[in-house]
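Reviewing the structure listed below.
The values are calculated or read from the model by the stated rules, or taken from the named source; none is laboratory data. Predicted model, so just to flag it, every value in this text is computed and none were measured. The accessibility values were calculated without ligands, DNA or RNA, using every heavy atom of the protein model including side chains. Shrake-Rupley method; radii C 1.70, N 1.55, O 1.52, S 1.80 Å.
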Amino acid sequence: MDKLRRVLSGQEQNEELGLTAQVLDASTLSYSTRVKWFVICFGAGILCSLLGTALLFLPNGLKFFAVFYTIGNIAALSSTCFLMGPFKQLKRMFEPTRLIATIVMLLCLVLTLCAVFWWHKKGLAIIFCILQFLAMTWYSISYIPFARDAVMKCFTTCIS
């Protein structure tokens, strides 16, 4: 538990990263402050996603849904920057195990907004929101050891 706390608080640094990484990792924040802001940012992300879903049934609600859902996902994703720092977060996002999920998630965030505001394709916006959800889920479970293997095993068992 102490090692996890040290890693999340930025006290365990690689020597190769140097002073710049220490500054970018926001090591000046205490562990409790990081956890509080993580909870606040993650909660705001969930609230935005739920608000977007509730606004879906209003006239022009799809635009509100796409914007709030996307903002919610961005807030939830950025909340982990408070735990490990932005530099380490970006480094972990683009590790080989998460690369495809990260690219699909970021691409779907942009394409959702493009489908709503520039292309005016409601069905395409819904598809991109679903893909956002799936990519964010796959990305999130990549941080849990063996979770992807378990999900794939359940998926292949259900299909068989």
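What to note about this one:
- One chain, two ends: Ile141 and Ile46. Fully extended at 0.36 nm per residue, the span grows by 32.5 nm beyond their Cα-Cα distance.
- Accessible-area ranking of Tyr139, Tyr69, Tyr31, largest first, probe 1.4 Å: Tyr31, Tyr69, Tyr139
- Accessible surface of region 16-160 [probe 1.4 Å, protein heavy atoms]: carbon and sulfur percent: 79
- Looking at region 85-160, the accessible area is 65 square angstrom per residue; that uses a 1.4 Å probe and ignores ligands, DNA and RNA.
- Cα extents of region 35-137 along the three principal axes, largest first (Å): 40, 29, 19
- What the phi angles of region 41-46 give under the Karplus curve with 6.51, -1.76 and 1.60, with θ = phi - 60°, is a coupling list of 5, 5, x, 5, x, 5 Hz, glycine and proline written as x.
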